1. Name the residues in the range 161-185 that are touching a Leu at 6+ places or on another chain (Cβ under 8 Å) and more than 15 Å from Phe150 (Cα to Cα), would you?
2. Among the listed residues Pro44, Pro28, Pro93, identify the single one that is in a strand (DSSP E or B) and in contact with a helix residue (DSSP H, G or I) (Cβ under 8 Å, 6 or more places away or on another chain).
3. Considering only residues of the range 153-193 that are among the acidic types (Asp, Glu) and within 17 Å of Asn71 (Cβ to Cβ), which is least open to solvent (accessible area, probe 1.4 Å)?
4. Would you tally the residues in the range 125-161 being among the hydroxyl-bearing types (Ser, Thr, Tyr) and over 22 Å from Thr25 (Cα atoms)?
5. Restricting to the range 151-181, give me the number of residues that are of a type outside the set (A, V, I, L, M), touching a residue at least 24 places away in the same chain (Cβ under 8 Å) and either in contact with a Cys (Cβ under 6 Å, 6 or more places away or on another chain) or part of a helix (DSSP H, G or I) (or both).
6. Has the range 104-120 got at least one residue that is surrounded by 15 or more Cβ atoms within 10 Å (Cβ to Cβ), within 21 Å of the chain's Cα centre (by Cα) and more than 30 Å from Asp67 (Cβ to Cβ)?
7. Kindly evaluate Val154 against the criterion of being touching a strand residue (DSSP E or B) at 6+ places or on another chain (Cβ under 7 Å), over 27 Å from Gly72 (Cα atoms) and of a type outside the set (Phe, Trp, Tyr).
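The values are calculated or read from the model by the stated rules, or taken from the named source; none is laboratory data. Please read these numbers as outputs of a predicted model, since none were measured by experiment. As a convention, Cβ positions derive from the backbone with ideal geometry for all residues, glycine included, and neighbour counts pool all protein chains shown. Heads up: the accessible areas ignore ligands, DNA and RNA and are worked out on the full protein's heavy atoms, side chains in. Shrake-Rupley method; radii C 1.70, N 1.55, O 1.52, S 1.80 Å.
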Amino acid sequence: MNRVVVLCALCLALTGCAFTPQGITLAPKVDVAPSEIGKNKELPLNVVDERAKKTLGTVGARNIGADITINGDIVVSVQKALSEGLSRMNFKPTTERNGAKNELRVEIRNLDYTVIVGFWAGTLRVDAALKGICLRDGLRPYEKLHHGEFVESVQVVQSQEANTEYINKALSTAVNALLSDKELIACLAGQTK
């Protein structure tokens, strides 16, 4: 009888986590090698949130459970990470146009958290997508969608701390893919193909 009570209490405790909302703090880690390509020029940086939904997903599987949301502003978090990376490449990122010839526009296209139910375990998947657009003299000579992904096999509802780590890993991968795009960076530096 005691085992049944303990088992029921354990099940309730584990499923109860799926109904507790989680607020994620975004802090993508930048991993870009220093360079001089920016030649100390100002570079307007315009980051916009174009996601279809503002929640990241739900804590449980099959969209059941509490929402996972972002603490703070996703645009500010992504802009801060991109500014750090561009500064390492000797650009001077700014939010003002100031008559600059080139501009980087970044569209946040996706940041999505899902758990897909399996037989013994589920698959946790976080997808991030950032579109980097080089604007030069009002034209768009280069643009590319950069992805980040995190996949993990899970058997229980993940904690807020774990989900924060997973979501930031996927977003960091997308940010670093954008900053490592040689054609995009060359376009922003004003180099011709």
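1. Hits for the range 161-185 are Leu178, Leu179, Leu184, Ile185.
2. Pro93
3. First pass over the range 153-193, keeping only residues among the acidic types (Asp, Glu): 161, 165, 181, 183.
So of that shortlist, the ones also within 17 Å of Asn71 (Cβ to Cβ) come out as 161, 165.
Numbers: Glu161: 133, Glu165: 92 Å².
Here the answer is Glu165.
4. Total meeting the criteria: 2.
5. The total comes to 9.
6. Yes, because at least one residue in the range 104-120 is surrounded by 15 or more Cβ atoms within 10 Å (Cβ to Cβ), within 21 Å of the chain's Cα centre (by Cα) and more than 30 Å from Asp67 (Cβ to Cβ).
7. Values: touching a strand residue (DSSP E or B) at 6+ places or on another chain (Cβ under 7 Å): yes; over 27 Å from Gly72 (Cα atoms): yes; of a type outside the set (Phe, Trp, Tyr): yes.
Criteria met by Val154.
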